[in-house]
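One structure is given below, encoded as structure tokens.
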Amino acid sequence: MRRVCRVAAVPLALGLLPACSEQPPAPRPVETEVPEEFRQANPPPTAAGGATIGTPMQDRVGTIGLLNKRNNIAQDLTMKPGETRRVGDVIIALKACERTAPWEMPQETGAFVQVFIQQSGNDQAPFARVFSGWLFRESPSLNVVEHPIYDVWVKDCAMRFPGEEGAPGEAFSPPASPRAAPRPPRSNPAPAPSPTPEANEATA
């Protein structure tokens, strides 16, 4: 009787092995409510002199990358200038975003970002600003967010310039210059007929 129980227990144990070997799904970042003092966002800045080229600042769309180095979870935050997003104990405020006009070189994409972080494990602690400045996609070493837990970088600024066609961010191809209409081929005049002998006698 005991042998039967032991033999029956072996298939049961083997059936439980796959369930035990499955790893739990990785946690996903969850956006939480932005504190009241961060909701009153200042209007997005404009270019010097009040003139802007291309899409107005309030209509542009920036994409900011956020990485939690502890759990290696990254996500993209898509927002317009003047918006603020919170993910756990970090707050990202996008103030402005720009990209170089298609006819200018070198090409560059940047965003003015502010990063606020709350002390981990203390929900009552205030948010401390750890970064405020421009971030550049093509030149990330010019300005970086130095923090042991979070990494923040700019990924895109969707906007258009005069003369651009298609979706924002696509390559710009300047319009072809109009060509003048081709001239008709010049025809050589026909040679004059040579005088006949009768004409020479008449004129003599």
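Values quoted throughout were computed directly from the atomic coordinates according to the rules given, and no laboratory measurement underlies them. None of these values were measured; they are calculated from a predicted model. All Cβ positions, even for glycine, are placed from backbone atoms using ideal geometry, and neighbour counts span all protein chains on display.
Straight-line reach from Lys80: which lysines have a Cα under 22 Å away, not including same-chain ones fewer than 8 places off?
Lys95, Lys155
Subtract the Cα-Cα distance of Phe136 and Asp59 from 0.36 nm times their separation in residues, and report this length gain in nm to one decimal.
25.7 nm
About its Cα centre, what dipole magnitude does the stretch 53-161 give when the only charges are +1 on Lys and Arg Cβ and -1 on Asp and Glu Cβ, stated in debye to the nearest 20?
Computed about the Cα centre, the dipole is about 160 debye.
Describe numerically, in nm with one decimal, the distance between label points set 7 Å from Cα along Cα→Cβ at Glu108 and at Phe161.
Going from the Glu108 label point to the Phe161 one covers 1.4 nm.
Compute for the stretch 53-161: radius of gyration divided by Kirkwood radius, i.e. Rg/Rh, restricted to C-alpha atoms, rounded to two decimals. Mind showing how you got there, number by number?
Working: Rg = 14.4 Å, Rh = 14.5 Å.
On the Cα set of the stretch 53-161, Rg over Rh gives 1.00.
What does the extension gain come out to for Asn122 and Lys69, with contour length at 0.36 nm per residue minus their alpha carbon separation? Could the numbers behind the result be given before it?
Details: separation 53, 0.36 × 53 = 19.08 nm, distance 1.93 nm.
Residue separation times 0.36 nm, minus the Cα-Cα distance, leaves 17.1 nm.
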